Amino acid sequence: MAENKTKATKTNVKDFIATIEHKQRQADALTLLDIFAEETQQQAVLWGPSIIGYDTYSYQTADKKTHQFMRTGFSPRKQNLVLYIMVGFSDFDEKMQTLGKFKTGKSCLYINKLSDIDEQVLRELIQLSLQEMARRYPE
């Protein structure tokens, strides 16, 4: 398997957020920056050109190569905010029912704006995801 294309960078996260043209998306990104920092107790790191990640974990692919990736994070994309809940959502059905307005992918939570979801439920999802990541990928 090839190297990960998305890697941690040295780019300042707040400088990146300042470049976001959509003012609501920029404001939501600053709020998410605080939420994720509080819930993870980690510093934000820019992964690739547009993903703000927290903490890391190591995993091994079938070819026995070890890779690193973020445990959780988000990206303020042009269309929506993407939150990365790396363990997916299948174990969180009850929480998802109370979250608010969203769409999901395998490990992506897509929201238009933070006011569409319940912040406390989001915080709980981040914590549950981190607990499961710690179980699956102990440090």
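Evaluated against (1) over 23 Å from residue 138 (Cα atoms); (2) open to solvent by 70 Å² or more (accessible area, probe 1.4 Å); (3) out of contact with any Leu (no Cβ under 9 Å at 6 or more places or on another chain); (4) at pLDDT below 95, residue 10 falls short on exactly one condition, (3).
Among the criteria (1) more than 25 Å from residue 132 (Cβ to Cβ); (2) touching a strand residue (DSSP E or B) at 6+ places or on another chain (Cβ under 6 Å), the one residue 8 does not fulfil is (1).
Which of (1) open to solvent by 70 Å² or more (accessible area, probe 1.4 Å); (2) among the acidic types (Asp, Glu); (3) over 27 Å from residue 138 (Cα atoms) does residue 91 not meet, given it meets every other one? Answer for residue 91: the failing condition is (3).
Of all residues in region 107-123, those that are more than 11 Å from residue 25 (Cα to Cα) have Cβ atoms under 7 Å from Cβ atoms of residues that are surrounded by fewer than 16 Cβ atoms within 10 Å (Cβ to Cβ) and small (Gly, Ala, Ser), 6 or more apart or on another chain, in 107/88; 116/100; 117/100; 118/100. In region 99-106, the condition of being touching a helix residue (DSSP H, G or I) at 6+ places or on another chain (Cβ under 6 Å) and open to solvent by less than 70 Å² (accessible area, probe 1.4 Å) is met by at least one residue. From the residues in region 117-139 that are within 14 Å of the chain's Cα centre (by Cα) and among the hydrophobic types (A, V, I, L, M, F, W, C), which one is most open to solvent (accessible area, probe 1.4 Å)? Only one residue fits best here, namely 128.
Under the condition of being hydroxyl-bearing (Ser, Thr, Tyr), modelled with pLDDT under 90 and in contact with a Phe, Trp or Tyr (Cβ under 8 Å, 6 or more places away or on another chain), which residue from region 39-73 is surrounded by the fewest Cβ atoms within 10 Å (Cβ to Cβ)?
Applying the filter and picking the extreme gives 66.
Residue 55 meets each of the listed conditions (1) in a helix (DSSP H, G or I); (2) closer than 18 Å to residue 127 by Cβ; (3) acidic (Asp, Glu) apart from (1).
The values are calculated or read from the model by the stated rules, or taken from the named source; none is laboratory data. As the structure is a computational prediction, the values presented were derived from the model and not from experiment. Quick reminder, even Gly has a Cβ in these numbers, built from the backbone with ideal geometry, and neighbours come from all protein chains shown. For accessibility, only protein heavy atoms count, side chains too; no ligands or nucleic acids. Shrake-Rupley method; radii C 1.70, N 1.55, O 1.52, S 1.80 Å.
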